[in-house]
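Undergrad: Would you mind keeping the following structure in view while I ask a few things?
The values are calculated or read from the model by the stated rules, or taken from the named source; none is laboratory data. Values in this document were obtained by computation on a predicted structure and should not be read as measured data. In this analysis, Cβ positions are derived from the backbone assuming ideal geometry, glycine residues included, and neighbour counts consider all displayed protein chains.
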Amino acid sequence: MDIKQRITSTYRYIEPNLFIIGLFGSIGFPAYYFIWVYIFPQPYENLPLRIVCALLFLPFAIKAYMPSIFYRYKEKHFVFSICFCLPFFFCYMMIRNGWSVEWIMSFMAAIFLSIIIIYDWLIILIFTTIAACTAALMGYLTMGNIGNGFHSSYLIVFSFSYFTGICFNYRNRIEIESKQLFSRSFSSGIAHEMRNPLGALYASQEVLLELLPESLTDDPLHNRLISNAEISKLRNIIKDNISIINNGHNTINLLLSSIDNQKISPNSFHHFSINEVINNALDVYGYKNKSDRELVFFQMNKDNLFFGNDILLRYVIFNLLKNSFYYKDKTNFKIIISVYSKNNETIISVKDYGKGISSTSIKNIFTEYYTSGKKNNTGLGLSFCKKVIDAFAGSIECYSTENISTTFIIRLPIITSPAVDKMKYDLMSIKKILFIGNQNKILSDINHLAFFYNFELFYKKASLYNIADLDTNNYDCIIIDINTINNTLLTELQEKIATTTIKIIVIHHKNDAQKITLSKAYESYVFEYDHIDKLQQKLITQIFTQKKPNNILFDTINSNKTKIMIVDDNISLRLYSGILLKNAGYDVIEADNGLTALNYLQETTVDLILMDSQMPIMSGIEATKEIRTNNQYCSHQHIPIICYSGSLDELQKEHLVNVGITDFLLKPSSKKTLLNIVNQWL
């Protein structure tokens, strides 16, 4: 881990306590000036230096009100402020006060505070050393001899304070990290175990959907004793099941991401329609009886967008419905969901006419593990709902009258609110933007935006080679100057990214002489460029508007019968993937572990390998190492190997790329995703 990563980790660790630190620092430094001057007079004091320290601490206390540019440098400001105001300030004042007992004790306290706030031993060692040396230099420049009152035994005391503090803090930190590691490992294990049955179910559903004809007209022999209506019903049931499984996988991904970051990750936040999310939630909720759906009424005057995650909001609606239905046996029970706008907020009201909640219980309704006596209730549902709404920069409240009704009020900020703008600003720093074009003015403007938002900017000139060589997994948005691209290149680009979620911005100029034919799917991405402000607005809108892939399928049968090897210990997934690939015109070889795959490679040649990462006997990782490094498999050393796995984070992906993995495919994948990624590498 390099210094930058260490600083980021340190900042994330202490961030929840920054307000208290900032409050004490901004008040304490000036206050102690009067203590040391008037109550316990010291030989030397420096009010301007104390004011500088107070000003450095102040942003911690008013972090929410700081300008957006501050957030770009918040981690650097944090480390500099702590090191300047603690080791440097106290060491300098100790030297200027002739190594007095009061300031020796104050300097030791500063060491302990530094260790508590910056737990990383290496950062403390480096910056404390720099700060102490700088303080000694400043003391020498201002007063000459800095040794008056100094005794070498002080170094022993300071070193002991430093190293004991580091050891105890390091031990506590190791314990915390081990618990976090356990929770991540535990959640990954649960996810893996959940994905296996979900994957097998998904595989069988996709195979059924593949084998079942669209209608009887697709079966000229009419061998199936089934009506068109029954075929239609079966296909709809299978599609519903696949949709539910996909939702389950998305939820697992979100939970894993949230556990890894110790909070709900905003990385998947986009603009979503509240109407669509709630209607979808009501359609797919697991009602115990069909008649239960008739007890829920949804009313909305006007649809609004919110900034967040559709799966998480749907989870909140599910949880509120589940709690409401617990008392559905009450006479005249019903649930009314209303959506309306008020004071630049979108308000979602979920009201049930059930048993109600007592005034004593309602105070703790969002507290973790608190239950109101319901059977099989963990007390985590509503607390997680609050975390979700808090992550959306909103709020959730509960009002209830016993034996009459309970109302949950969710307040979500509009997508143009300052709170949402701040979230977007923070998220832009992890985005990767590609500009394709030759105009320096546009490139200069995008560079200005890259500096402001701190996103990564890539640049390519428009050429067939650059388009063909484009890595579609590496960008969040592509900005295209329409003046520097022709129809051939644009068509190539459209085909390249049609099945991805990459956002597109096509820059058009007022007096364009060149006419480009755009598909209807990209017409909404064209805008007339005349100023950087318009480009900024368009970029933010496109980045945070969810794009659904066009899902162009590559169903053309390969006349050369390209051969693909599927290596997976799950027989259902091998069967599923094999049928889809065979129907697309590929030859398929199956292996149940890495060793079997290596034996096959000695006897036959394949063009691509789909490899599971975890298998008995020999894992996919070990098999990939052998293929890439062992001359026995020299004819296959450069073929694409797609890692087919249920759960991979960025660190695992980086490790697998170093091993020799070419690309990644989440298990199980839909027919469209599977065929698209196979075609991408063949």
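Undergrad: What residue, of 82, 116, is assigned by TED's automatic domain parsing to the domain that holds residue 26 and either modelled with pLDDT of 90 or more or within 15 Å of residue 29 (Cβ to Cβ) (or both)?
TA: The conditions single out 82.
Undergrad: Of all residues being modelled with pLDDT under 85 and touching an Asp or Glu at 6+ places or on another chain (Cβ under 6 Å) in segment 559-577, which is surrounded by the fewest Cβ atoms within 10 Å (Cβ to Cβ)? Just the residue, please.
TA: Within segment 559-577, the match that is surrounded by the fewest Cβ atoms within 10 Å (Cβ to Cβ) is 561.
Undergrad: Do we have residue 538 as among the charged types (D, E, K, R) and either in the same structural domain as residue 476 (by TED's automatic domain parsing) or modelled with pLDDT of 75 or more (or both) here?
TA: Considered against the rule, which asks whether it is among the charged types (D, E, K, R) and either in the same structural domain as residue 476 (by TED's automatic domain parsing) or modelled with pLDDT of 75 or more (or both), residue 538 comes out as yes.
Undergrad: For residue 161, indicate whether it is within 28 Å of residue 17 (Cα to Cα), in a helix (DSSP H, G or I) and either among the β-branched types (Val, Ile, Thr) or not assigned by TED's automatic domain parsing to the domain that holds residue 30 (or both).
TA: Yes, satisfied.
Per-residue answers, yes or no, for (1) part of a loop (DSSP other than H, G, I, E, B); (2) closer than 21 Å to residue 664 by Cβ; (3) at pLDDT 85 or above:
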site	(1), (2), (3)
579	no, no, no
582	no, no, no
588	no, yes, yes
596	no, no, yes
603	yes, no, no
610	no, yes, yes
616	yes, no, no
623	no, yes, yes
627	no, yes, yes
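Undergrad: Oh, and also: Kindly establish whether residue 662 is in the same structural domain as residue 582 (by TED's automatic domain parsing), surrounded by fewer than 16 Cβ atoms within 10 Å (Cβ to Cβ), closer than 17 Å to residue 566 by Cβ and touching a strand residue (DSSP E or B) at 6+ places or on another chain (Cβ under 9 Å).
TA: It is false that residue 662 is in the same structural domain as residue 582 (by TED's automatic domain parsing), surrounded by fewer than 16 Cβ atoms within 10 Å (Cβ to Cβ), closer than 17 Å to residue 566 by Cβ and touching a strand residue (DSSP E or B) at 6+ places or on another chain (Cβ under 9 Å).
Undergrad: I've got another one for you. Which residues, counting only those in segment 36-50, are surrounded by 14 or more Cβ atoms within 10 Å (Cβ to Cβ) and in a helix (DSSP H, G or I)?
TA: Correct list: 36, 49, 50.
Undergrad: Hey, another quick one. Could you check segment 311-351 and list, in sequence order, the residues that are part of a strand (DSSP E or B), loosely packed, with under 15 Cβ neighbours inside 10 Å and either within 25 Å of the chain's Cα centre (by Cα) or not aromatic (Phe, Trp, Tyr) (or both)?
TA: Those that are part of a strand (DSSP E or B), loosely packed, with under 15 Cβ neighbours inside 10 Å and either within 25 Å of the chain's Cα centre (by Cα) or not aromatic (Phe, Trp, Tyr) (or both): 341, 342.
Undergrad: Under 7 Å between Cβ atoms, which residue pairs at least 6 apart in sequence (or on different chains) link something in segment 50-77 that is under 17 Å from residue 31 (Cα atoms) and not assigned by TED's automatic domain parsing to the domain that holds residue 29 with a partner that is modelled with pLDDT of 85 or more and charged (D, E, K, R)?
TA: Pairs that qualify, where the first residue is under 17 Å from residue 31 (Cα atoms) and not assigned by TED's automatic domain parsing to the domain that holds residue 29 and the partner is modelled with pLDDT of 85 or more and charged (D, E, K, R): there are none.
Undergrad: Quick one: would you say residue 28 is outside any helix (DSSP H, G or I) and surrounded by fewer than 18 Cβ atoms within 10 Å (Cβ to Cβ)?
TA: Against the criterion (outside any helix (DSSP H, G or I) and surrounded by fewer than 18 Cβ atoms within 10 Å (Cβ to Cβ)), residue 28 does not qualify.
Undergrad: What number of residues within segment 627-653 satisfy the criterion of being among the charged types (D, E, K, R) and surrounded by 19 or more Cβ atoms within 10 Å (Cβ to Cβ)?
TA: 0
Undergrad: Here is a check on your reading of the model: is residue 585 touching a residue at least 12 places away in the same chain (Cβ under 8 Å), in contact with a helix residue (DSSP H, G or I) (Cβ under 6 Å, 6 or more places away or on another chain) and of a type outside the set (Asp, Glu)?
TA: Details: touching a residue at least 12 places away in the same chain (Cβ under 8 Å): yes; in contact with a helix residue (DSSP H, G or I) (Cβ under 6 Å, 6 or more places away or on another chain): no; of a type outside the set (Asp, Glu): yes.
It is false that residue 585 is touching a residue at least 12 places away in the same chain (Cβ under 8 Å), in contact with a helix residue (DSSP H, G or I) (Cβ under 6 Å, 6 or more places away or on another chain) and of a type outside the set (Asp, Glu).
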